[in-house]
Amino acid sequence: MITIHDKNFVPYISETEIKEKVKKIARQISDDYRGLKPLFVAILNGAFMFASDLFKELDIEAEIAFIKLASYKGTTSTGKVLTAIGLDADIHNRHVVIIEDIVDTGKTLHTFLPTLEHSQPKSLKLVTLLHKPEATVHPIAIDYLCFIIPNKFVVGYGLDYDGLGRNLKEIYQLEG
Ligand code: 5GP
């Protein structure tokens, strides 16, 4: 067990399990995108470690860009708009694969995907390390998924609890 800030976490997905699954997903993606020179778009901060390990395992020609999502009050019905900071690459007519750490309620991608679709990529797919189906508010089509997990808070392998825990090699789950 480990303690981060005021909370206890127990080991949940081991480093070995993560490595094996990342390799398997990378093989699938490589097979699906061979010859297409896809552009991977990793969403910071949480996906940095997954993106790096996944990208290393690809054996095809591919590019990667890293973006941060910032929300600001807009004039849409939801009152919020998500913009991508740092997306220099032109995604028009490209095969784009979003790399996420976790799809929880689906709100982030539900808000952000239309922005990317607006730039008319040739195709747009999503790979995520984790998914909590029980937490779904906005259903999101996930094309490549490493692990389905219950609706419990997790840290490690890039994911944080209030800034800490990102450097853990395994994924830990909130105790209890
Ligand atoms: P969504 O918009 O799908 O509800 O949430 C997506 C974001 O919430 C993720 O990219 C992640 O940053 C954060 N998040 C959701 N669940 C967890 C969790 O269990 N642990 C951590 N560390 N972050 C989470």
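Tell me, please, whether a residue that is aromatic (Phe, Trp, Tyr) and either within 9 Å of the ligand (Cβ to nearest atom) or more than 18 Å from Ile43 (Cβ to Cβ) (or both) can be found in the range 153-160.
yes
Residue-by-condition table, conditions (1) touching a strand residue (DSSP E or B) at 6+ places or on another chain (Cβ under 6 Å); (2) surrounded by 15 or more Cβ atoms within 10 Å (Cβ to Cβ); (3) aliphatic (A, V, I, L, M):
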{"site": "Phe50", "(1), (2), (3)": "yes, yes, no"}
{"site": "Leu54", "(1), (2), (3)": "no, yes, yes"}
{"site": "Ala65", "(1), (2), (3)": "yes, yes, yes"}
{"site": "Lys68", "(1), (2), (3)": "yes, no, no"}
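On the basis of being within 14 Å of the ligand (Cβ to nearest atom), at negative phi, modelled with pLDDT of 95 or more and buried (at least 16 other Cβ atoms within 10 Å of the Cβ), does Val96 make the cut? Break it down into steps so the answer makes sense when it comes.
Values: within 14 Å of the ligand (Cβ to nearest atom): no; at negative phi: yes; modelled with pLDDT of 95 or more: yes; buried (at least 16 other Cβ atoms within 10 Å of the Cβ): yes.
So Val96 fails the test.
Can you tell me which residue in the range 121-135 is surrounded by the fewest Cβ atoms within 10 Å (Cβ to Cβ), limited to those that are touching an Asp or Glu at 6+ places or on another chain (Cβ under 9 Å) and closer than 21 Å to Phe55 by Cα?
Looking at the filtered set, the residue picked out is Lys125.
Would you check if Val10 is in contact with a helix residue (DSSP H, G or I) (Cβ under 6 Å, 6 or more places away or on another chain) and among the β-branched types (Val, Ile, Thr)?
no
I'm checking my understanding of the structure. Among residues of the range 136-152 that are crowded, with 16+ Cβ neighbours inside 10 Å and within 9 Å of the ligand (Cβ to nearest atom), which one is farthest from the chain's Cα centre (by Cα)?
If we take residues in the range 136-152 being crowded, with 16+ Cβ neighbours inside 10 Å and within 9 Å of the ligand (Cβ to nearest atom), then Ile149 is farthest from the chain's Cα centre (by Cα).
Quick check on Ile102: is it surrounded by 13 or more Cβ atoms within 10 Å (Cβ to Cβ), within 13 Å of the ligand (Cβ to nearest atom) and assigned to a loop (DSSP other than H, G, I, E, B)?
Against the criterion (surrounded by 13 or more Cβ atoms within 10 Å (Cβ to Cβ), within 13 Å of the ligand (Cβ to nearest atom) and assigned to a loop (DSSP other than H, G, I, E, B)), Ile102 does not qualify.
Mind checking whether some residue in the range 113-122 is part of a strand (DSSP E or B) and in contact with a strand residue (DSSP E or B) (Cβ under 9 Å, 6 or more places away or on another chain)?
Initially, the range 113-122 is screened for residues part of a strand (DSSP E or B), giving none.
Looking through the range 113-122, none of the residues is part of a strand (DSSP E or B) and in contact with a strand residue (DSSP E or B) (Cβ under 9 Å, 6 or more places away or on another chain).
Among what's in the range 105-120 and is within 13 Å of the ligand (Cβ to nearest atom) and more than 15 Å from Val41 (Cα to Cα), pick the residue that is surrounded by the most Cβ atoms within 10 Å (Cβ to Cβ).
The extreme case among them is Gly106.
Can you say whether Glu61 is within 12 Å of the ligand (Cβ to nearest atom), at pLDDT 95 or above and surrounded by fewer than 15 Cβ atoms within 10 Å (Cβ to Cβ), as far as the supplied structure shows?
no
The values are calculated or read from the model by the stated rules, or taken from the named source; none is laboratory data. This one's a predicted model, so the numbers in the text were calculated from it and none came from an experiment. Methodologically, a virtual Cβ is constructed for each residue, glycine included, from the backbone with ideal geometry; neighbour enumeration extends over all protein chains shown.
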